[in-house]
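Structure, as structure tokens:
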Amino acid sequence: MYEKQQHQTTNDIEFHCNLEFNEDPPKDIEDLIKVILSFLKTKADVTVFVLLTENKIGRAYMVKKNFEPEQFKTIAIPSEKNSQLYNILSQNNGKTNSIKAELMLDLFSESGHYPVVLLHMLLAVEHIAAVALAGHKASLVWNFTDQSILDMLGKNFELSKTQKEKRLLSHALESLSDVNKIILENGSFESALASVFNGVNNILGAEGAGFLFYDEETKSLTLQKPAFGSYDDQLINLYKVTIEDGGNAVKVFQSQEPYLSNNVPEDPRIIQSLARLFNVRNIVSTPVKVSNKCIGVFHVINKPGGFSSGDLGIIKMFVSQLAIALENAYLYDREKKMAKRLQRFIELNERLLRLVLKSAGIQAITNTIALYLTAGVIFCDNRLVKRAWSPQDTNELKDFDPSQLLDMKGRTFKPGSGGWVPFKLRYKEDLSREVVAASIDVDGNLLGYLFVIMEPAKYNEDYLSVIQRTIPVYALELLKEQVAREVMQNIEGDFVSALLDGKYVEEQIFRQASGLGYDISIPRVVVVAELDSNVCQGQNILVSFWRPSLYEINLYLKHHYPQSFAVALKEQLIILLSYSPSQKSREQNSLLNTAQIIWKELERITGRKVYIGIGRVAQGIKDLEGSYKDALFSIKYIRQTKQKNQVVAFRDLGLYQALVDENAAGHLYNLMQELLGPLLESDKNKGTTYLKTLDEYFTAGCCIKTAAEILFCHVNTVRYRLGRAKKLSRMNVDDIERRFDMQMSLQIAKFYYPNLFEHSSRNE
């Protein structure tokens, strides 16, 4: 440290007070002040030294009595107070030296405690400095020796500053040499960066430093490892700002002007969420430039007492010497990492393609991606039905519901058009988890969605690249599945078509069924679904409506009705449901419930009105043709009679079951014409309502009053219509023996002429 020599004569003071630097010069102005003040002959009770720079944060130092180390205090003067004191000390504003000295003592709450205060002004380049002494001795006066010592404080401060700058430059050059040596020996950017940070921290006494490199591709400033003394990837990856985000680092990068803040928590320019990651209290941010191009931003944080403008100059000098080395180290390290990433991607692609070639399936691909990303991966089809997930023993994935996802603006996730670039979503309202959702799209055909659940800090370019490379693999596997399903559906379609047409050789059809994995010897029920209209014909309906729904319906059937399957034949979707003869009543109800579920799903998928008919139980393959006709007739019944119920079982049609047979239907139609012919012609041609009135009369148990209430007309009107019907048909409506024939004929008429039984306001 400093060597102090005591001398008695004034002539020797100037020479011996000129501080001599040995091999370990002081690192801070504080050391210099301690030594200078210790030379004073005037031993005051309190001595305060202030060093002020206009519009900057100043420093104040205080020592009491015998200059013992524990009695030495130093504080930072806030910028507002600094400016006020700077103006008072530097101007002749009428304030006495005693008042100015009291103001200095007040910085340490020492003003007003001493009868005698003295002020001595110093001159220093770019600074104003002053020393205030206070005590109880009436004889506390400046002697010539003390004044000479204090006059030289400014000179020695500038000398110390010059020596310090030389020392810092030396440190910068040493760090530059170390960085280049590290790059040449092992190419480690992390090691090179750590060497730079150690140099800066040692020189300034700061707690840490960090370097944000600008990435042209992502238009963002990304914190590099190590940073602020940390090697934690998760923590460091959180510190990333895009140009659009703004904030201090972006402003320094764009303006290429440094910035100093000694009150970070209250600084609106600072992004507080980032500052809190490393508990930043004060900061100096400097642009890192190479050939007038800014390549990033250099942060130095948390210097005890705060940073000064001198510190800012030191950091600028230090960074300017190391900028090229930092860029070279970063680029060299990035090339090495890119080579490793490329190799990993090649290995991943090979593994995935092998899975596709082996037809390992969606679950195997999902397992591989989850293992590679060390994250939860879920695949859903284009209707957000979950098909595969990994790890499979994780409840979070088992219970995953895409409808619970929220994007960054709090909006619920909804399936939309496809795209290759993934987008991030928060998982419910849990900010500790994020979901990257990527759509799988081929030529505008949305095949499904890939969801990756992870911690926010893990999301980086590697994740994005892996997901982008995975999407085509999923698409390829899905297209393979689609082609395989279409081939199988065509084979199954031909098989079912032969069964329902009855055009088969029994031995061959059993062999074909065995090859498909079906046992056609068990009882079955044929279920047929049709759209409400045939605006699209044949194969167009098959492709546009039925094919997309077959996969889900067959999955449902496989789970609930083993040995059941669905095929698409032109405008129809045909389902062969397995049927157990035991527990007959329960099974019949279950069949109807199953048909209702299938009906709802088909309407959701197609967006169209769907009719479903359920045939009778076929005990063997020879009965399947009849069950198919029953199902078709059930749909015909729905259409003909305009039923509100869109799912009808043949077994529930009662009398109408007879109409499925053409001969029986002919006899019943003739009977209806014989009994109701004149009434039918009148209602059709003249707009009368004899058939409807007669039908409601029978429904009301032959009670005219009740029938009138149902028809919303007067009792006499009903009597009149019944009388006219009796004359036209030449039959007695009250004849009990003929009443059954008439009621049956009315039901047949309802089937063929449903419009005549609708509500009408027409007059007779």
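Could you list, in sequence order, the residues of the stretch 268-321 that are over 24 Å from S79 (Cβ atoms) and surrounded by fewer than 19 Cβ atoms within 10 Å (Cβ to Cβ)? Across the stretch 268-321, the qualifying residues are S273, L277, K289, V290, S291, N292, K293, C294, S320, Q321. Among the residues making up the stretch 283-310, those that are in a loop (DSSP other than H, G, I, E, B) and farther than 20 Å from P226 by Cβ are S291, N292, P304, G305, G306, F307, S308. Across the stretch 371-395, the number of residues qualifying as under 17 Å from R433 (Cα atoms), at pLDDT 80 or above and assigned to a loop (DSSP other than H, G, I, E, B) comes to 3. Note on the stretch 562-577: residues that are assigned to a loop (DSSP other than H, G, I, E, B), in contact with a helix residue (DSSP H, G or I) (Cβ under 7 Å, 6 or more places away or on another chain) and modelled with pLDDT of 80 or more amount to 1.
Check the stretch 474-484 and report whether any residue there is in contact with a Lys or Arg (Cβ under 9 Å, 6 or more places away or on another chain), modelled with pLDDT of 75 or more and acidic (D, E). No, because not a single residue in the stretch 474-484 is in contact with a Lys or Arg (Cβ under 9 Å, 6 or more places away or on another chain), modelled with pLDDT of 75 or more and acidic (D, E). Residues in the stretch 665-696 that are of a type in the set (S, T, Y) and in a helix (DSSP H, G or I): Y669, S682, Y690, T693.
Residue by residue, here is whether (1) at pLDDT 85 or above; (2) under 30 Å from the mean Cα position of the chain (by Cα) holds:
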site: T222; (1), (2): yes, yes
site: D232; (1), (2): yes, yes
site: Y239; (1), (2): yes, yes
site: G246; (1), (2): yes, yes
site: Y259; (1), (2): yes, no
site: F298; (1), (2): yes, no
site: P304; (1), (2): yes, no
site: D311; (1), (2): no, no
site: N328; (1), (2): no, no
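When restricted to residues that are farther than 18 Å from D741 by Cβ, in a helix (DSSP H, G or I) and either outside the structural domain of Q743 (by TED's automatic domain parsing) or not small (G, A, S) (or both), the stretch 697-719 contains 11. Residue count for the stretch 608-664 satisfying the condition of being in a loop (DSSP other than H, G, I, E, B), touching a residue at least 40 places away in the same chain (Cβ under 8 Å), touching a Phe, Trp or Tyr at 6+ places or on another chain (Cβ under 8 Å) and closer than 21 Å to Q743 by Cβ: 0.
Could you check how many residues of the stretch 669-705 are under 23 Å from L655 (Cβ atoms) and among the basic types (K, R)? Of the residues in the stretch 669-705, 2 are under 23 Å from L655 (Cβ atoms) and among the basic types (K, R). Highlighted here are the strands (runs of 3 or more DSSP E) found entirely within the stretch 208-260 that include at least 1 residues which are surrounded by 14 or more Cβ atoms within 10 Å (Cβ to Cβ), out of contact with any Cys (no Cβ under 9 Å at 6 or more places or on another chain) and among the β-branched types (V, I, T): 220-223, 240-242. Within the stretch 383-398, residues that are within 13 Å of I369 (Cα to Cα) sit with their Cβ atoms under 6 Å from residues that are in a strand (DSSP E or B), at 6+ positions apart or across chains, in these pairs: A388/F379; W389/I378; S390/V377. Looking across the stretch 466-525 at every residue that is small (G, A, S) and under 30 Å from Y372 (Cβ atoms), the one that is surrounded by the most Cβ atoms within 10 Å (Cβ to Cβ) is identified as A475. Scanning the stretch 511-532 for residues that are free of Cβ contacts under 8 Å to residues at least 40 places away in the same chain and farther than 21 Å from L557 by Cα gives a single hit, R511.
The values are calculated or read from the model by the stated rules, or taken from the named source; none is laboratory data. Just so it is clear, the structure is predicted and the values come from calculations on it, not from any experiment. Glycine gets a Cβ as well: all are built from the backbone with ideal geometry, and neighbour counts include every protein chain shown.
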